[in-house]
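There's a structure below that I have some questions on.
Every number here is computed from the coordinates shown, using simple stated rules; none is lab data. Please read all numbers here as calculations on a predicted model, not as lab measurements. Here Cβ is always computed from backbone atoms with ideal geometry, including for glycine, and neighbour counts include all displayed protein chains.
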Amino acid sequence: GENVEQHPSTLSVQEGDSAVIKCTYSDSASNYFPWYKQELGKRPQLIIDIRSNVGEKKDQRIAVTLNKTAKHFSLHITETQPEDSAVYFCAATYNDMRFGAGTRLTVKP
Amino acid sequence: DTGVSQDPRHKITKRGQNVTFRCDPISEHNRLYWYRQTLGQGPEFLTYFQNEAQLEKSRLLSDRFSAERPKGSFSTLEIQRTEQGDSAMYLCASSIEKYEQYFGPGTRLTVT
C-alpha cells in the first residue's frame, strides 16, 4: 500500500518569510496529491491539489510542485501570515487516500 | 448548510458497547470515505464507497468495524465491542470520484 512521509514535523517562520513542506510517496500508481490545512479543533480543509499530469500549480500565495520521477511533492507558502499557523497534511492517492503525519507551522508576527 | 455533516459530534461509551456514527455527504458526491484521526497524526484511511458499493477497506481495520451506504447517500460506521484504543476522531469525507475530498466535522469517540 501507499506510504507517505512528510517533513519537517514542525516549522517556525517569521511573518513574511516563505515556508516549504516536503512529502514523499511510495506507490508510483498514485496520481492525485492534495494538501490540507487543519486548525486546532477543526476539520481538515483542502487548500490546493495537483494531479500527476501537472508539475506545478499555484493559487495566490500557495503553490505545489510534483516530481513524479523522484516521487516527491512540496507545498510552498510565500509571504506567510499569522493566520497561516496550523497543521498541514499532504496526501497521495490512487484510490484510497494516505496522509502524511503533518507539519505544525507557526508564523511569528 | 450543504457541506458534509456527521452525527453525533461527540460520543462517550463504555468499553464493550457498540456505537454507530452517521455521515451525510454533499448531495452530488458519489464517493464517501471514512477516516480515523488521533492526536498529532494525519487521518488514517478506513474504508470508502463509490455510490453504495464498498470498494476498499483498510487491512488494519478490525472485524469489529463495519460500514454501510445502503442507498448511495448517507453512510453509517459501526464499531462493535468498543475498546479503549478505539478512542479517536472519526472523520467522514465525500468527493466526486477521488478528487477534492471535503471533510465533515467529525465524531469524537471516547471509550471509558
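For a footprinting-style exposure proxy, rank B:ILE12, A:ILE77 by other Cβ within 10 Å, fewest first.
Least to most surrounded, the residues fall as B:ILE12, A:ILE77.
Would you work out which of B:LEU91, B:SER62, B:HIS29 lies farthest towards the positive end of the dipole of chain B, given +1 charges on the beta-carbon of Lys and Arg and -1 on that of Asp and Glu, about the Cα centre?
B:SER62
Give the separation of the Cα centroids, the range A:71-93 to the range A:41-62, in Å.
A separation of 8 Å, based on Cα centres.
Taking chain B as a Gaussian network, Cα atoms linked when under 10 Å apart, which of B:SER87, B:SER95, B:SER58 shows the biggest mean-square fluctuation?
Highest fluctuation among the options: B:SER58.
Between A:VAL54 and A:ARG104, what is the label-point separation in nm under the 7 Å Cα-to-beta-carbon projection?
3.2 nm
What distance in nm separates the two pseudo spin-label positions at A:VAL20 and B:ILE26, each 7 Å out from Cα along the beta-carbon direction?
For A:VAL20 paired with B:ILE26, the spin-label model returns 3.2 nm.
Taking Cα centroids, how far is the range B:17-94 from the range A:9-37 in Å?
Centre-to-centre (Cα) distance: 26 Å.
Hey, another quick one. Determine the dipole magnitude for the protein assembly as shown: charges of +1 sit on the beta-carbon of Lys and Arg, -1 on that of Asp and Glu, nothing else is charged, the reference point is the Cα centre, and the result goes in debye to the nearest 20.
480 debye
Could I ask something else about it? Placing unit charges on C-beta atoms (Lys and Arg positive, Asp and Glu negative, everything else neutral), compute the dipole magnitude of the range A:1-54 about its Cα centre in debye, rounded to 20.
The dipole magnitude comes to about 160 debye.
Quickly work out the B:LEU39-to-B:LYS14 label distance, labels modelled 7 Å from Cα along the C-beta direction, and quote it in nm with one decimal.
2.5 nm
Run through the range B:28-110 and list the GluC sites (Glu not before Pro) located in a DSSP loop whose Cβ has at most 15 other Cβ atoms within 10 Å.
Here the sparse-neighbourhood loop sites are B:GLU28, B:GLU52, B:GLU83, B:GLU97.
Where the only charges are on Cβ atoms (+1 Lys, Arg; -1 Asp, Glu), what is the dipole of the range B:58-110 about its Cα centre, to the nearest 20 debye?
40 debye
I'd like the mean, over residues of B:93-105, of how many other protein chain beta carbons sit within 10 Å of each residue's own Cβ.
4
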